[in-house]
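*Asks:* Right, I'll just put the structure down here and ask away after.
The values are calculated or read from the model by the stated rules, or taken from the named source; none is laboratory data. Just so it is clear, the model here is predicted, and its values are computed rather than measured. A quick note on method: Cβ atoms are made from the backbone with ideal geometry, for glycine too, and the neighbour counts reach across all protein chains shown.
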Amino acid sequence: MKDLKGREEGKPILVVISDAEVAEQFLAVKSPLFKELSARYWPGALTLVGRARGEVPYELTAGTGSVGIRLPDDGAVRALARACGGALTATSANPPGQPPARSAVEVQNYFSHRVALIVDGGESRTEQPSTVLDVTGSSARVIREGVITLLELSDTMREIGAIID
């Protein structure tokens, strides 16, 4: 991945899961906040960062002790993850400084000479990435605002009596 994308050292890699219960394979513990937010937003465009189990590979955590997990709302992606044992790593398909590819053709244009297989699932439904929230503590910390807006998250956090840092 690092060589293909020019990905910087020390950057964690997201895990896409097929079913909500697969998250337990990666998490040391599901915090109450993780449970509440995953119940409300999964499947969907919310990546939740939780404390990683000790056996989660360094490449996924980048030494942070945490792991980002998303249950996407795309049934075909979940089926692919299920066929591959329940989880797949996922990053945006783009070289540094370029916008993420939104179609198989764009992926091919970026990487055709360096990848053996491109799975064409159709054009991306959005130009925005998933929203990423760190819920390793008692409050949530926004790592990246994406499809789910900060305003929407703030409303949800107020409803459940939680805090966004």
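Residues are listed down the side, and each one gets a yes or a no for (1) over 13 Å from the mean Cα position of the chain (by Cα); (2) polar (S, T, N, Q); (3) outside any loop (DSSP other than H, G, I, E, B); (4) exposed (fewer than 15 other Cβ atoms within 10 Å of the Cβ):
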site	(1), (2), (3), (4)
Ile69	no, no, yes, no
Arg114	yes, no, no, yes
Val147	no, no, no, no
Leu153	yes, no, yes, no
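*Asks:* Here is a follow-up. Those residues that are of a type outside the set (D, E, K, R) and more than 23 Å from Leu133 (Cβ to Cβ), I need them from segment 67-92; list them, please.
*Replies:* Gly75, Ala76, Ala79, Leu80, Ala83, Cys84, Gly85, listed by residue number.
*Asks:* Next question. Is it the case that segment 33-46 has a residue that's modelled with pLDDT of 95 or more, part of a loop (DSSP other than H, G, I, E, B) and touching a Lys or Arg at 6+ places or on another chain (Cβ under 6 Å)?
*Replies:* Taking every residue of segment 33-46 in turn, none turns out to be modelled with pLDDT of 95 or more, part of a loop (DSSP other than H, G, I, E, B) and touching a Lys or Arg at 6+ places or on another chain (Cβ under 6 Å).
*Asks:* If you don't mind, there's one more thing I want to ask. Identify all residues within segment 116-139 that are assigned to a loop (DSSP other than H, G, I, E, B) and of a type in the set (Asp, Glu); write none if there are none.
*Replies:* Asp120, Glu123, Glu127
*Asks:* A follow-up question, please. As an exercise: evaluate Gly54 against (1) part of a loop (DSSP other than H, G, I, E, B); (2) touching a residue at least 40 places away in the same chain (Cβ under 8 Å) and give the number of the one condition it does not meet.
*Replies:* Here Gly54 clears every test but (2).
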